[in-house]
1. Which value in nm describes the separation of the simple spin-label points at residue 167 and residue 91, placed 7 Å from the Cα toward the beta carbon?
2. Okay, helix-only estimate at 222 nm for the chain: each DSSP H run of n ≥ 4 adds -39500 (n - 2.57), divide by all residues, round to 500 deg cm²/dmol; what do you get?
3. If the viscosity is 0.692 mPa s and the temperature 37 °C, what translational diffusion coefficient in µm²/s does Stokes-Einstein give for the chain when Rh comes from Kirkwood over Cα pairs?
4. Using 1/(1 + (r/R0)^6) with R0 = 25 angstrom and r between the beta carbons of residue 40 and residue 156, what's the FRET efficiency to the nearest 0.05?
5. If one computes P(r) from the Cα atoms of segment 79-189, what percent of pairs lie at distances over 22 Å?
6. Going by C-beta contacts inside 10 Å, put 104, 164 in order with the fewest on the left.
7. What full-extension length gain, to one decimal in nm, is calculated for residue 50 and residue 99 as 0.36 nm per residue of separation minus the Cα-Cα distance?
8. Would you please state the base-10 log of I(q)/I(0) at q = 0.14, 0.17 1/Å for segment 2-66, with intensities from the Debye formula using one equal scatterer on every alpha carbon?
């Protein structure tokens with residue numbers, strides 16, 4: 001499983017724009033400027049509806065435009081380290097969770113962001129908040145009822161569709177039932 005920084009992900013996106021869309025970054029910056037709205041959410045909606053961008057790529061492009069056409073994450077390679085600054089003892093549990101993800105979703109990508117870590121395979125299907133005594137694993141489970149393990153999401157950062165979460169305090173919790181809810185979240189997103 002690849003673990004990319006936000007800076008690497010953004011650079012890859014920018015470098016591939018011409019090949020994937022037919023227009024380079026400068027052309028997209030000009031097009032967004034000509035769109036007429038400076039509101040980020042309106043730009044994102046326009047890129048999605050009029051130019052068939054996925055949400056994450058539309059958000060990246062809108063963010064770059066709002067940043068004067070410059071990369072937003074160019075110096076943010078320490079995002080993961082910053083999240084562990086007050087929770088260093090959670091690193092082994094985080095690594096165990098990544099191994100679990102890699103086993104069940106071998107083509108997924110880990111993308112550290114400012115306040116959380118995104119687990120995605122084209123689309124985000126799980127998110128991690130690192131807390132001093134636990135990992136909160138967010139999932140997109142829609143209207144699925146909550147139970148003793150899967151509760152209402154209390155994460156900072158990820159998209160609103162991350163509706164549920166489970167609290168991870170020990171690698172022994174990573175069993176088949178957790179694999180099943182992760183698969184359910186993955187299926188909803190894809």
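No value in this document is a laboratory result; all are computed from the given coordinates. As the structure is a computational prediction, the values presented were derived from the model and not from experiment. Note that each Cβ is placed from the backbone with ideal geometry, even for glycine, and that neighbours are counted across all protein chains shown.
1. Computed distance between label sites residue 167 and residue 91 equals 2.5 nm.
2. On the way: 7 runs with 84 residues, N = 190.
Helices in the chain give a 222 nm mean residue ellipticity of -13500 deg cm²/dmol.
3. On the way: Rh = 17.7 Å.
It comes out at roughly 186 µm²/s.
4. Values: r = 19 Å, r/R0 = 0.76.
So, using R0 = 25 Å, E works out to roughly 0.85.
5. Numbers: 1349 of 6105 pairs.
Percentage above 22 Å: 22.
6. Working: 104 16, 164 24.
In increasing order of surrounding Cβ atoms, one gets 104, 164.
7. Details: separation 49, 0.36 × 49 = 17.64 nm, distance 3.87 nm.
Gain in length upon complete extension: 13.8 nm.
8. With no solvent term, the Cα-only Debye profile gives -0.37, -0.55.
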